[in-house]
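One structure is given here, and the rest of the page talks about it.
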Amino acid sequence: MDFAPTPAEERLREEVRAFLRERLAPADARDDGWIVGFSREFSRALGERGWIGYTWPKRYGGSEGSYLERLIITEELLRAGAPVAAHWMADRQIGPALLAHGSEEQRRELLPRIVRGELVFCVGMSEPNAGSDLAALRTRAVADGDHYVVDGHKIWTTNAHEADYCYLVARTDPHAAKHRGLSELLVDMRTPGITVRPIIDMAGEHHFNEIFFEGVRVERRWLVGEENRGWYQIAAQLDYERSGIERLLSNARVLEDVRAHARETGLAEDPLWRDRLASVLTRVTIGRWLIYRVAWLLSQGIVPNKESALTKAFATELEQEIAELAAQALGPHALLLPGSPAARLAGRVARAVAFAPGYTIMGGTSTILRNILALRGLGLPAA
Ligand SMILES: Cc1cc2nc3c(=O)[nH]c(=O)nc-3n(C[C@H](O)[C@H](O)[C@H](O)COP(=O)(O)OP(=O)(O)OC[C@H]3O[C@@H](n4cnc5c(N)ncnc54)[C@H](O)[C@@H]3O)c2cc1C
């Protein structure tokens, strides 16, 4: 495989950098910008450039670009801390799910608006008693004429408080085996009967929520794909969700700024620090190539599964280590001295430490990903 970028790919990278220099004010840059950096305006600006839905067919507003080019765009956005949360889920997984399973009506109605950066989606999968064991979910959608009536409770739903639509997984056949009775529905978040309640995370931020559905009527035309086949459709969506460069670069800016801090303070000369930093940077490079490999697989028409599990487990555990490394560099300043000269960075490092446990939980825990690797990667027998 030739890893060298083509001249066109290099030009695209430069184009994204120039756009960021012009459009991203330093004060708007965010660590974890794909989760907490929410700006509809910024998403619309990206939409105008054709950088949302970049690989999708032109007939739905997409650019029909390559997966590698899409990766170059997302890599530059995340490195800069661009506030991309408003379109992230729609671009990453909802669009591909609709292209794979959605009706023509759903695609024509939603994809062009996603591409323009106008639509915010949340993903309603997890419930209080159904996270890793997603097939245990209890939210139900009962057919009633040309509607489904939805009742249930979702939790940890990122940006539900901002979303226009929820991509909801609900039980449509309570009598079938638990994996066989699930369906996917697109639910307009303005529908009566929906209540969103915020959850504040350990860093004091509001990005995820609970959603309560009480007698919510959803037209049957918003069923995605086949009734009761939801489980099989979700699998590919999770593969998209797990394999992007956001799983490596969430706190990349913290790492860069801590390295600069280490140079300024002389820590950079400490052999123990240098050893640990070298180890982290080596693995960042490995993680980056794992993610580029996923993009290459996608470009061959292969939806990565075990590769996606491997990439997410490897890269998110590294993100946690980056938060730890940052805390080590700042020492007690990281948590205790907001008035110190390193105050701005200290606050960000404290936030990084508080947020880091989430990296290996969201989108599937590392344990579950190792299970996937064992079963589908190594072919080990199920217990
Ligand atoms: C920041 C953040 C954002 C999120 N955003 C969303 C969102 O937008 N939409 C959404 O639907 N969900 C979202 N989630 C929820 C996330 O998908 C779940 O938290 C995750 O799947 C784990 O489920 P759980 O929390 O119920 O933990 P559990 O499934 O109860 O797991 C608890 C522990 O048991 C382990 N465990 C569970 N089952 C097994 C097993 N079979 N073998 C070995 N170990 C096991 C797990 O690894 C974990 O350590 C988000 C979570 C976070 C942290």
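Of note:
- Segment 32-135 holds helices (runs of 4 or more DSSP H) entirely within its bounds, and those carrying 1 or more residues that are touching a Ser or Thr at 6+ places or on another chain (Cβ under 7 Å) and of a type outside the set (D, E, K, R) map to 33-36, 67-79, 85-89.
- Scoring THR195 on the criteria (1) over 16 Å from LEU98 (Cβ atoms); (2) more than 25 Å from the chain's Cα centre (by Cα) leaves a single failure, condition (2).
- Evaluation of GLY65 against (1) modelled with pLDDT under 95; (2) surrounded by 15 or more Cβ atoms within 10 Å (Cβ to Cβ) (one fails), failing number: (1)
Here is a yes/no grid of residues against (1) part of a helix (DSSP H, G or I); (2) among the aromatic types (Phe, Trp, Tyr); (3) surrounded by 21 or more Cβ atoms within 10 Å (Cβ to Cβ); (4) within 16 Å of the ligand (Cβ to nearest atom):
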residue: ALA278; (1), (2), (3), (4): yes, no, no, no
residue: ILE286; (1), (2), (3), (4): yes, no, no, no
residue: ALA295; (1), (2), (3), (4): yes, no, yes, no
residue: VAL303; (1), (2), (3), (4): no, no, no, no
residue: MET362; (1), (2), (3), (4): no, no, no, yes
residue: ALA382; (1), (2), (3), (4): no, no, no, yes
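- Extreme residue, nearest to ARG229 (Cα to Cα), among residues of segment 126-156 that are near the ligand (Cβ under 9 Å from one of its atoms) and surrounded by 14 or more Cβ atoms within 10 Å (Cβ to Cβ): LEU134
- Under the condition of being of a type in the set (Ser, Thr, Tyr) and either under 22 Å from ASP151 (Cα atoms) or at pLDDT 95 or above (or both), the residues counted in segment 200-237 number 0.
- Only one of the numbered conditions (1) more than 21 Å from the chain's Cα centre (by Cα); (2) more than 28 Å from GLU205 (Cβ to Cβ); (3) modelled with pLDDT of 95 or more; (4) charged (D, E, K, R) is violated by ARG23, and that is (2).
- Among the residues of segment 9-32, those identified as surrounded by 10 or more Cβ atoms within 10 Å (Cβ to Cβ) and not charged (D, E, K, R) are LEU12, VAL16, ALA18, PHE19, LEU20, LEU24, ALA29.
- Filter result for LYS312 (of a type outside the set (Asp, Glu), closer than 23 Å to GLY33 by Cβ and in contact with a Gly (Cβ under 7 Å, 6 or more places away or on another chain)): yes
- Within segment 232-258, tally of residues that are touching a helix residue (DSSP H, G or I) at 6+ places or on another chain (Cβ under 6 Å) and either over 24 Å from GLY364 (Cα atoms) or assigned to a helix (DSSP H, G or I) (or both): 15
- Hits in segment 1-20 (condition: in a helix (DSSP H, G or I) and among the aliphatic types (A, V, I, L, M)): ALA8, LEU12, VAL16, ALA18, LEU20
- Just one of the numbered conditions (1) of a type outside the set (Ser, Thr, Tyr); (2) within 22 Å of THR6 (Cβ to Cβ); (3) in contact with a His (Cβ under 8 Å, 6 or more places away or on another chain) is not true of GLU69: (3).
The values are calculated or read from the model by the stated rules, or taken from the named source; none is laboratory data. Here the structure is a predicted model, which is why all the values come from computation and not from measurement. Every residue, glycine among them, receives a Cβ derived from its backbone with ideal geometry; neighbour counts consider all protein chains shown.
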